[in-house]
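Trainee: Sharing a structure, written as structure tokens. Questions coming.
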Amino acid sequence: MKALITGITGQDGSYLAELLLQKSCDVYGMIRRASTENFERIHHLRDQIHLVQADLLDQLSIVRIIDEIHPDEVYNLAAQSFVPTSWNQPVLTGEFTAIGVTKMLEAIRQIDTNIKFYQASSSEMFGKVKEIPQNENTPFYPRSPYGVAKVYGHYITVNYRESYDIFAVSGILFNHESPRRGLEFVTRKITNGAARIKLGLQDKLFLGNLAAKRDWGYAKDYVTAMWLMLQQNEPQDYVVASGETHSVEEFAQLAFRVVGLNYKDYVEVDPKLIRPAEVEHLVGDPSFAKNELDWKPSVSFPELVKIMVEADLKFIASDAHIESR
Ligand code: NAP
Ligand code: G4F
């Protein structure tokens, strides 16, 4: 079994590569050319995976690698994935996150329609939510150029499934986090900030909207759901979520509690971090994934916060040690 992962250098790509190796897959990772390597998350896997250069912006490069590798499964995780950047770079976000999906699907259509395809859809598509909780039938109402691009990616995946009989599925994943989460996302910003404050490296943590609510899970659990979706008999789209919702403020409260501090003494709101249009309340209904895929999350919200804070304490302590030499 051969699998190609786009976005292998990202949070999810690195965990998915580990999972697929455990399943005895031959793992190929698509990377884009950079002047310096950006492989921290997959460093430990380098001698077990194959890295191939291509770019979501370059159709021919995608056709070439799919033709050369001829994978059984393609997991399309690559995207411009940070919501605030999508207001500053809306066109580029559309090129990567929306049209990039068509480029992947079109390569599969031309080379071999038996290749299975996973698209990384997002709960950001629900945006200004039409119902609570959100499930596979909830209408979309995206609130950012990123959300709009993901809606395009979602429907082009449905369309290629229906037009060309490709086994193409979308996982509508709610926020999932880990110690490998990028530092700009709110969970990692908080756990990293709390750890730095505890270690005396920072005084304050500036955040935006503390009232926003998210359904947060653990990334390792969520990549298992991606794999399960491609092992089914029928291609279908699934919501993957914990079913619980918590505010940014609650996350901060718990994270600071892990290091024995009161968040109110350190967290301040910076109005510049408030978004032009906010997604206020996300909470998913994962019943379909639970019933059909026999999938359920294994890490609770407080456990997730603890895992992330403890990892950041370790990471920063070793970093601070290097700084002080
Ligand atoms: P991430 O950490 O930001 O990783 C994004 C990946 O995409 C990186 O490997 C990046 O490569 C790659 N990439 C970006 N532009 C590219 C291009 N033009 N050509 C090739 N590769 C490109 O994202 P993540 O959290 O792992 O999320 C994975 C996917 O799931 C994304 O599509 C995201 O939108 C979606 N999603 C995430 C969540 C979540 O909570 N994490 C929830 C729902 C959906 P570089 O290393 O070169 O930048
Ligand atoms: O951590 P965030 O930046 O994640 P967001 O916007 O929910 O997007 C993430 O999850 C999506 C799934 O729903 C993915 F599709 C997407 O790729 C990405 O992985 O922000 C979460 C919430 C927002 O409401 C934001 O306004 O936290 C609020 N927030 C408050 N202060 C902040 C901050 N967000 C960030 N990034 N930084 C802050 O200082």
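Trainee: Could you list all residues from segment 131-162 that are free of Cβ contacts under 8 Å to residues at least 24 places away in the same chain and surrounded by fewer than 20 Cβ atoms within 10 Å (Cβ to Cβ)?
Mentor: Residues satisfying the conditions are Glu131, Asn137, Thr138, Pro139, Tyr141, Tyr155, Asn159, Glu162.
Trainee: Oh, and also: Criterion first (over 27 Å from Asn209 (Cα atoms), surrounded by 23 or more Cβ atoms within 10 Å (Cβ to Cβ) and under 23 Å from the mean Cα position of the chain (by Cα)) does Met125 satisfy it?
Mentor: No, not satisfied.
Trainee: Considering segment 223-237 alone, what residues qualify as being free of Cβ contacts under 8 Å to residues at least 40 places away in the same chain and within 20 Å of Asn159 (Cβ to Cβ)?
Mentor: Scanning segment 223-237 gives a single hit, Glu234.
Trainee: Find the residue count for segment 186-204, including only residues that are hydrophobic (A, V, I, L, M, F, W, C), more than 12 Å from Phe256 (Cβ to Cβ) and more than 8 Å from ligand 2 (Cβ to nearest atom).
Mentor: Here the count works out to 2.
Trainee: Checking Gly182 against (1) more than 9 Å from ligand 1 (Cβ to nearest atom); (2) within 21 Å of Gly147 (Cβ to Cβ), which single condition isn't satisfied?
Mentor: With respect to (1) more than 9 Å from ligand 1 (Cβ to nearest atom); (2) within 21 Å of Gly147 (Cβ to Cβ), Gly182 is out only on (1).
Trainee: Still on this structure, please answer the following. Can you tell me which residue in segment 1-26 is nearest to Leu77 (Cα to Cα), limited to those that are among the hydrophobic types (A, V, I, L, M, F, W, C) and not in a loop (DSSP other than H, G, I, E, B)?
Mentor: Ile5
Trainee: Please report, ordered by residue number, the helices (runs of 4 or more DSSP H) entirely within segment 27-108 with at least 1 residues that are within 16 Å of ligand 2 (Cβ to nearest atom).
Mentor: 83-88, 90-93
Trainee: Quick test of your reading of the structure: Gln53 fulfils all but one of (1) modelled with pLDDT of 95 or more; (2) under 19 Å from the mean Cα position of the chain (by Cα). Name the failing condition by number.
Mentor: For Gln53, the exception is condition (2).
Trainee: Within segment 15-40, count every residue that is more than 8 Å from ligand 1 (Cβ to nearest atom), surrounded by 12 or more Cβ atoms within 10 Å (Cβ to Cβ) and within 18 Å of the chain's Cα centre (by Cα).
Mentor: Result for segment 15-40: 8.
Trainee: Then there's this: Find the residue count for segment 256-308, including only residues that are under 19 Å from Glu124 (Cβ atoms) and surrounded by fewer than 16 Cβ atoms within 10 Å (Cβ to Cβ).
Mentor: Looking only at that region, the number is 6.
Trainee: Within segment 156-176, track down each residue that is within 16 Å of Val239 (Cβ to Cβ) and among the hydroxyl-bearing types (Ser, Thr, Tyr).
Mentor: Within segment 156-176, Thr157, Ser170 qualify.
Trainee: Now a separate question. Only one of these conditions is not met by Met229: (1) surrounded by 19 or more Cβ atoms within 10 Å (Cβ to Cβ); (2) under 21 Å from Ile190 (Cα atoms); (3) in contact with a Ser or Thr (Cβ under 9 Å, 6 or more places away or on another chain). Which number is it?
Mentor: The failed condition is (2).
Trainee: Moving on. Which residue pairs have Cβ atoms under 6 Å apart, sit 6 or more places apart or on different chains, and have a first residue in segment 197-221 that is at positive phi and a second that is buried (at least 18 other Cβ atoms within 10 Å of the Cβ) and outside any helix (DSSP H, G or I)?
Mentor: none
Trainee: Now a separate question. I'd like the full set of residues that are assigned to a loop (DSSP other than H, G, I, E, B), more than 21 Å from the chain's Cα centre (by Cα), over 13 Å from Leu313 (Cα atoms) and of a type in the set (A, V, I, L, M, F, W, C), limited to segment 183-209.
Mentor: none
Trainee: Read through the list (1) hydrophobic (A, V, I, L, M, F, W, C); (2) farther than 20 Å from Tyr222 by Cα; (3) within 16 Å of ligand 2 (Cβ to nearest atom), then give the number of the only condition that Leu16 fails.
Mentor: Result: Leu16 passes all but (2).
Trainee: Pairs only if they're at least six apart or on different chains, beta carbon under 7 angstrom, first in segment 170-192 and under 20 Å from Val101 (Cβ atoms) and of a type in the set (Lys, Arg), second more than 9 Å from ligand 1 (Cβ to nearest atom) and in a helix (DSSP H, G or I); list them, first residue then second.
Mentor: Once the first residue is under 20 Å from Val101 (Cβ atoms) and of a type in the set (Lys, Arg) and sits in segment 170-192, no partner that is more than 9 Å from ligand 1 (Cβ to nearest atom) and in a helix (DSSP H, G or I) comes close enough.
The values are calculated or read from the model by the stated rules, or taken from the named source; none is laboratory data. Because the structure is predicted, anything quoted here is derived from the model rather than measured. Heads up, the Cβs are rebuilt from the backbone with ideal geometry, glycines too, and the neighbour counts pull from every protein chain shown.
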